[in-house]
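The block underneath contains the structure these notes are about, expressed in structure tokens.
The values are calculated or read from the model by the stated rules, or taken from the named source; none is laboratory data. Model, not experiment: these values are computed from the prediction. Here Cβ is always computed from backbone atoms with ideal geometry, including for glycine, and neighbour counts include all displayed protein chains. The accessibility values were calculated without ligands, DNA or RNA, using every heavy atom of the protein model including side chains. Shrake-Rupley method; radii C 1.70, N 1.55, O 1.52, S 1.80 Å.
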Amino acid sequence: MHAPDLLSLRRYGASPGSHRHDHFQVLLGLSGALELEVEGRGVRVAAGGGCIIAPGDRHDFESAGGSLCLVLDSAHPAWAALARLPGAMTPPAQALPLAHYLASALQQGRPLALAHGPALLREAWLADGQLETTAGAGATRRRPIDWLALQQWAARQWHTELTVADLAAQVHLSPSQFAARCRDDQGMGAMAWLRSQRLAHARLLRGTGMAVAEVARRTGYRSPSALTAALRRTHQA
């Protein structure tokens, strides 16, 4: 299952920061320029530009003159192909006016922007065929993996120590084949994908008000403190 997408408006300044997270992060520059180093690669997101950071990628950031970005935190697999492209990119023309509208709507607290903005932004960014071009023709001929079914199966197995071989067996692939497909389809390694699903399930349960100890028990974390630490890391963005 995917955690709900989170859309936010963020101001960056001269104080440097550094983190990594278990989801895709999509940045669209609205003003100023944000300087990043993503897994050792220099990236500059200026006004009108964008960047997609893959799950698990360490990124350091600062903005000497200050910058404002629309940021989408998302676990949706549609971002995987674009996240493999290094460096900054220019979002499609239809995405930029939408980004400015969503930024204004967020500032005014309009609830529909939060509810539907992530899906609209994804549709606007991917509608021009970038995803198909990047994925390549060969990928479309492979038997697709039912990722939703695999997510649901994994969610019933948190009491066990799942391995790549366990996941591969569920979709009738060898461990090496599954690892390659996970990187291609989801933009991350197999174990990183598994950890992201477990954490997404934990966030979903916590969102219902369930106690941390019970959530940890249901999702297979060693202790409530281990779960709390994992949740805290995802919010350091």
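Things to note:
- Across the accessible surface of segment 156-235, with the other protein chains kept in place and a 1.4 Å probe, carbon and sulfur atoms take up 53 percent.
- Along the chain, longest interval not containing exposed GluC sites (Glu not before Pro), exposed being DSSP loop plus at most 15 other Cβ atoms within 10 Å: 40-160
- Between Ala226 and Arg195, full extension at 0.36 nm per residue minus the direct alpha carbon distance yields a gain of 9.9 nm.
- Acute angle (nearest 10 degrees) that the helix 111-126 long axis makes with the longest principal axis of the chain, alpha-carbon atoms: 90
- Accessible area per residue, Å², segment 1-91 with all protein chains present, probe 1.4 Å: 39
- Element breakdown for segment 1-110 at a 1.4 angstrom probe: carbon and sulfur atoms account for 53% of the accessible area.
- Placing pseudo-labels 7 Å out from each Cα toward the beta carbon at Arg11 and Ala64 gives an inter-label distance of 2.1 nm.
- Leu85 paired with His172, simple spin-label distance in nm, labels 7 Å along Cα-to-beta-carbon: 3.5
- Helix 175-186 and the long axis of the chain differ in direction by around 30°, with both axes built from C-alpha atoms.
- Size descriptor, Kirkwood hydrodynamic radius, that averages inverse alpha-carbon separations across the chain, Å: 18.8
- Amide N proximity, segment 62-76 versus Arg44 label position 7 Å along Cα-to-Cβ, cut-off under 16 Å: 62-68
- Where only DSSP H runs of four or more residues are counted, the chain gives -13500 deg cm²/dmol as its mean residue ellipticity at 222 nm, each run worth -39500 (n - 2.57).
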